[in-house]
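Presented below is the structure to which this report refers.
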Protein chains: 2
Amino acid sequence: MNFSFAQLENFTIHILQKIGCSEEDARTAARVLLAADVRGVDSHGVARLSGYVRLWEADRINARPNLRIVHETPSTAVVDGDGGLGLVVAPFAMQVAIDKAKKAGTGWVSVKHSNHYGIAGIHAMEALKHDMIGISLTNASPLVSPTFSRERMLGTNPIAVAIPANKQPPFVLDMATTTAANGKLEILQRKQQEAPLGWIQDRDGNPTTSPLGVKDGGALLPLGGDREHGSHKGYGLGSVVDIFSAVLSGANYGPWVPPFVAFLEPHPHPVGEGLGHFFGAMRIDAFRPADEFKTHMDQWIGRFREALPVAGQEKVLIPGDPERELEAQRMQEGIPLLEPVIADLKALGKKFDVEWIA
Amino acid sequence: MNFSFAQLENFTIHILQKIGCSEEDARTAARVLLAADVRGVDSHGVARLSGYVRLWEADRINARPNLRIVHETPSTAVVDGDGGLGLVVAPFAMQVAIDKAKKAGTGWVSVKHSNHYGIAGIHAMEALKHDMIGISLTNASPLVSPTFSRERMLGTNPIAVAIPANKQPPFVLDMATTTAANGKLEILQRKQQEAPLGWIQDRDGNPTTSPLGVKDGGALLPLGGDREHGSHKGYGLGSVVDIFSAVLSGANYGPWVPPFVAFLEPHPHPVGEGLGHFFGAMRIDAFRPADEFKTHMDQWIGRFREALPVAGQEKVLIPGDPERELEAQRMQEGIPLLEPVIADLKALGKKFDVEWIA
């Protein structure tokens, strides 16, 4: 069943206000959360709303955070999220990066004491409005094993980079540093299909195709899948995301990152506060005139679109193409939600006396 | 046969002076070039010396470049390499990034009109001496096909990140954005062994295990190997490296990047000057006190080293471990060179009247 962006936005705003968010924060959080739904990352969208609420119920989210810069230089800052929703903390911190870039050419912000911030890409894309390149990283609950390990040490720690063009749509990379994101496994679980080898390992660290492997104590695998195919590179990238997001800011890192699900307790001996993010903004004209750059980006994108495809493929895609096309479609046709998600949201509405969509 | 670092350094310096480099530049270039040999990236070390000389003979390297900043803000710069050896241009540009970081907290430098710069990691590691995080990217001759394409559009475009610790050795990631670097294919070719599936494709874009696939008109594959295993992520990362290195600076990008080998002509209609690099330096204490950060890095590294290994593996590695261990060994026992490389260097010495190692 499909719902309009406005319907889901309205419902989300009301729920977030019920748990104590200001109207402004609720609007910001709803915009970020729903960006996942319209861009096709259904696992990170409104389906997670009740998860955030459960974290608030467990006293692990502060609905009225005092967001502030605790350390800064002309091009850097550390932001303390004060336990707020990542959906609110991240836009604040990205704005700090953009403001720094306006003056110093670039801005780099590491964030501590935050929570899950939705999809990485939406924060990076904020820079596009200012003719800047945007970068967004976050660590996350440990589900991924390093190469040669059978222990869960890292999150799916995404990397997002948004780069403006002129006539072409922007280049928007938004990728987990694992072979496959957790959301893809959930889809296989629902469909009861096998996962390709290279996505997951079982609890002993052996390759498995069971989509339940991670639930049964196994782990997601770093991009590359195994040593022979470069999993040490995916592990290295996920590690850099973890260090920039949390060791630079003073958040929890690696296996200490607090879990998103409220039924799992955070580590009893944390090494920092909450989870961490990292944002960057680079003014294009801090390097060369923006028009010149964007004309070359048009040429870059145009040339890659025209790269000779292999037999059976129509064309080569540019990072961001699939999400943008889906966004256009879903803004028009509505956002499809699965029955269990609808039931979950209805129950949430009933609990907080917020009318579900008429 | 093994040679000492000092022997190979001395020979390299003399050869580079013979083609017109200043003594200072020759020393810088030799240090960077030999870092590859001691760290085990044999394909990027002294074995390439005659390749650089052939580029100079083809008038595609300027031995006396006028390196200069052509655009800057407090935290950024564009450096014009003036056609110089990348081995000399890169250390100059990285120093600009470090100097910017001293004042503004971070420094970001995009470089145009350069050439091959050796291994990415050695430039990032320069930041470690200053309690900074170092980043080093470069584009390179097109050998890699985007996902769904059979055309060579990108180089192996490496990403290097160096992060200081206290008692632990530094974290040094230095990775090609392909499943396997070109040097690994060369080894398989010499040994006449098959490559694993997922490393290369043939000229039609079909997976192949022939190590000659790339020579026969095929391509290296982005990290991930195929769409199902996330090759669009490797393609996306390689693209970001290309754009930061070349579209930001005004160098050639994508299929326009000039080839390293002198027997292939550069593109007749270049879109920029030479090839491009990108460097970053972030002062640790622009985020939090350096001691505090490095203590947490010790804890991060220590915890990951102790992650439970899978059966048959002794331990989990930290990025930079294998290269550092090899460096310690080769500085003591010498650097092994293959017979064809020795013959090539001897011929070079004879040509320029430089005595080969006694």
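The values are calculated or read from the model by the stated rules, or taken from the named source; none is laboratory data. Since the structure is predicted, the reported quantities are computational estimates derived from the model, not experimental observations. As a convention, Cβ positions derive from the backbone with ideal geometry for all residues, glycine included, and neighbour counts pool all protein chains shown. Just the protein is used for accessible areas: all its heavy atoms, side chains included, with ligands, DNA and RNA removed. Shrake-Rupley method; radii C 1.70, N 1.55, O 1.52, S 1.80 Å.
Shown here: the range B:84-175, whose C-alpha atoms stretch 45, 31, 21 Å along the first, second and third principal axes, sorted largest to smallest.
At a probe radius of 1.4 angstrom, the accessible area of the protein assembly as shown per residue rounds to 38 square angstrom. Just checking the listed ones, B:N252, B:N115, B:N166: in the Gaussian network model of chain B with Cα springs under 10 Å, the one fluctuating most is B:N166.
For the range B:276-358, the spherically averaged projection of the C-alpha convex hull amounts to 11.3 nm².
Based on the Cα atoms of the range B:2-286, what semi-axes does the equivalent ellipsoid have, where each is the square root of 5 times one gyration tensor eigenvalue, given in whole Å with the largest first?
28, 22, 20
Inter-copy label distances at A:E325, shortest first and taken from points set 7 Å along Cα to Cβ: 4.6 nm.
For A:R152, the solvent-accessible surface with a 1.4 Å probe is about 80 Å², rounded to the nearest 10.
Taking 0.36 nm per residue of separation and subtracting the Cα-Cα distance, full extension of the segment from B:E314 to B:Q332 would add 4.0 nm. Restriction of the chymotrypsin sites (Phe, Trp or Tyr not before Pro) in the range B:143-222 to DSSP coil positions whose beta-carbon has at most 15 other beta-carbons within 10 angstrom yields no sites. Work out the charge dipole of the protein assembly as shown with +1 on the Cβ of Lys and Arg and -1 on the Cβ of Asp and Glu about the Cα centre, then indicate which of A:N2, A:P196, A:A35 is farthest towards its positive end. Ranked along the dipole, the leading option is A:A35. Residue ranking by accessible heavy-atom surface, 1.4 Å probe, largest first, among A:R60, A:R27 comes out as A:R27, A:R60.
Hey, in the GNM for chain A with a 10 angstrom Cα cutoff, which one of A:P207, A:P259, A:P309 fluctuates hardest? Between A:P207, A:P259, A:P309, it is A:P309 that shows the largest mean-square fluctuation. Placing a label point 7 Å from the Cα of B:K129 along the Cα-to-Cβ direction, the residues of the range B:31-49 with a backbone N closer than 17 Å are B:31-36.
Legend: calculated FRET efficiency, B:M1 to A:R227, from the Cβ-Cβ distance at R0 = 45 Å, rounded to 0.05, equals 0.90. Taking 19 Å as the cut-off, the amide N atoms of the range A:31-58 that come nearer than this to a point 7 Å along the Cα-to-beta-carbon line of A:E339 belong to A:47. Amide hydrogen proximity for B:S75: with H placed 1.01 Å from N in the peptide plane, the residues at 5 or more positions away or on another chain lying under 5 Å are A:T106.
So, R0 is 41 Å and r is the distance between the beta-carbons of B:I19 and A:L197; what FRET efficiency does that work out to, to 0.05? The calculated FRET efficiency here is 0.25.
A Gaussian network model of chain A, with springs between Cα atoms under 10 Å, assigns the largest mean-square fluctuation among A:A93, A:A290, A:A124 to A:A290.
Each residue of the range B:18-24 is assigned a 3J(HN,Hα), and the resulting list reads 5, 8, x, 5, 5, 4, 4 Hz, derived from the Karplus form 6.51 cos²θ - 1.76 cosθ + 1.60 (θ = phi - 60°), x at Gly and Pro.
Per the accessible-area calculation with a 1.4 Å probe, the total area buried between chain A and chain B rounds to 7200 Å². Rounded to two decimals, the Cα-based Rg/Rh of the protein assembly as shown, with Kirkwood Rh, is 0.97. Take B:I19, move 7 Å from Cα toward the beta carbon, and the resulting point lies 6.2 nm from the same point in each other copy, nearest first. Only helical runs count toward this figure. For chain B, summing -39,500 (n - 2.57) over DSSP H runs of n ≥ 4 and dividing by all residues gives -11500 deg cm²/dmol at 222 nm. Other residues within the sphere of radius under 12 Å centred on the Cβ of B:F279, judged by their own Cβ, net out at -1 (K and R +1, D and E -1). Between A:R54 and A:E306, the distance separating the two model label sites (each 7 Å from Cα on the Cα→Cβ line) works out to 5.2 nm. A cut-off of 5 Å between modelled amide H atoms, ignoring neighbours fewer than 5 places along the same chain, links A:F260 with A:S141. For the rotational copies B and A, the chain B residue with its Cβ nearest the relating axis, together with that separation in Å, is B:S75, 2. Solvent-accessible area assigned to carbon and sulfur over the protein assembly as shown amounts to 51 percent, based on a 1.4 Å probe. Here B:G51 yields copy-to-copy label distances, from shortest upward, of 4.5 nm, the label point defined as 7 Å from Cα along Cα to C-beta. Applying 0.36 nm per residue to the separation of A:K167 and A:K103 and subtracting their alpha-carbon distance, the gain on full extension is 20.3 nm. Pairs of Cα atoms nearer than 8 Å and 6+ residues apart set the relative contact order; for chain B it is 21 percent. Remark: the protein assembly as shown carries a charge dipole of roughly 320 debye about the Cα centre, counting +1 on each Lys and Arg Cβ and -1 on each Asp and Glu Cβ.
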